[in-house]
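Scroll down for the structure; my scribbles are underneath it.
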Amino acid sequence: MTYAEEVEVRDEAQGLKRTLKDLFAGAVGGVAQVLLGQPFDIVKVRLQTTSQYSNALDAASKIYKNEGPLAFYKGTLTPLVGIGACVSVQFGAFHYARRAFEARNTASGAPAHLSYAQYYAAGAFAGLANTVLSSPIEHIRIRLQTQPHGAARLYNGPVDCVRKLASHAGVFRGVYRGTAVTWLREAQAYGVWFTTFEFLMNSDARRNRIRREDISTLKVALYGGLAGEALWIASYPFDVVKSKMQSDGFGAGQRYKSMRDCFRQTWKGEGVRGFWKGLGPTLLRAMPVSAGTFATVELTMRLIN
């Protein structure tokens, strides 16, 4: 083997090692994300998909009164496993795309560091890669979160939910319902998420003349939390439509024929406010959840490196 071939093999091994580290750190961050955010998420979904609650506090109090405290963790098993995998894919795909952009920039004679348009593109790529997992995982979670309580429940758990969704309309029209709008939401959401975080981190390092690795965990959490706020503000209308479609009935009980029809009916029936229902608890959730995710991922990466 020539020296050039040895270098190529070594670079490939190092690239695989970096990708595995990114995936592991993302998985750890995903578990933290679910545990922190699930109670907020069920309130958000209930507000998006029903009209029986006047506001977030009313929804939370009625869920607690009628269904008990464990109701705030309804459907947690699926996201606990699935969101860990999703966040793993998000960070793995983002850093893969980031390294590809760095190599492209270097090859063209430009500085290796990314422009913010490239950060957005890398984040959007991460979101698109993530959709294959996130669409069915979130669909199952929403079905479990919105089903009736007690004897009237529709599903006995995630596996039963998947089986019944597939029996209604098959895997793609049943389990993967709402995937088209999920593509749009994920690309926009994670493009903005990673771009905001990188901008804040780079600005801090430049302002204080320190390495990125020397930024405190508290600041990492703060910047991650702000990135989470930006993520939801930039993509929330897509999320509302996704929740409506993924809690819709089947057959004669189906209200929305397509993503476009759901947008149209929401606009006609609720106006622009309809696309922002549940934003309050979502933003309240976004700060600690996104802060915890980025802080956990960054800390994990520093430890394993």
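A quick yes/no check of all residues on (1) buried (at least 16 other Cβ atoms within 10 Å of the Cβ); (2) of a type in the set (A, V, I, L, M, F, W, C):
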position	(1), (2)
Val241	yes, yes
Lys244	yes, no
Asp248	yes, no
Gly251	no, no
Cys262	yes, yes
Leu283	yes, yes
Thr300	yes, no
Asn305	no, no
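State whether one or more residues within segment 177-190 are free of Cβ contacts under 8 Å to residues at least 24 places away in the same chain, assigned to a helix (DSSP H, G or I) and surrounded by fewer than 19 Cβ atoms within 10 Å (Cβ to Cβ). For segment 177-190, residues free of Cβ contacts under 8 Å to residues at least 24 places away in the same chain, assigned to a helix (DSSP H, G or I) and surrounded by fewer than 19 Cβ atoms within 10 Å (Cβ to Cβ): absent. The set of residues in segment 125-180 that are over 30 Å from Arg99 (Cβ atoms), of a type in the set (A, V, I, L, M, F, W, C) and touching a helix residue (DSSP H, G or I) at 6+ places or on another chain (Cβ under 7 Å) comprises Ile140, Ile142, Leu144, Cys161, Val162, Leu165, Ala166, Val175. The helices (runs of 4 or more DSSP H) falling completely within segment 45-156 that include 3 or more residues that are closer than 19 Å to Thr196 by Cα and in contact (Cβ under 8 Å) with a residue 24 or more places away in the chain map to 77-107, 116-146. Here Ser258 passes the criteria (1) surrounded by fewer than 16 Cβ atoms within 10 Å (Cβ to Cβ); (2) small (Gly, Ala, Ser); (3) closer than 25 Å to Ala60 by Cβ except the one numbered (3). Being closer than 20 Å to Ile42 by Cα and under 23 Å from the mean Cα position of the chain (by Cα) holds for only one residue in Leu226, Leu299, Leu279, and it is Leu279. Candidates Leu184, Leu154: the one that is hydrophobic (A, V, I, L, M, F, W, C) and over 22 Å from the mean Cα position of the chain (by Cα) is Leu154. Scanning segment 268-305 for residues that are of a type in the set (Phe, Trp, Tyr) and either under 20 Å from Val220 (Cβ atoms) or not in a helix (DSSP H, G or I) (or both) turns up just one, Phe294.
A short reminder: the numbers here are calculations on the coordinates, not readings from a lab. Computed from a predicted model, the values in this text were never measured in an experiment. With ideal geometry, Cβ positions are generated from the backbone for all residues, glycine too; neighbour counts draw on all protein chains shown.
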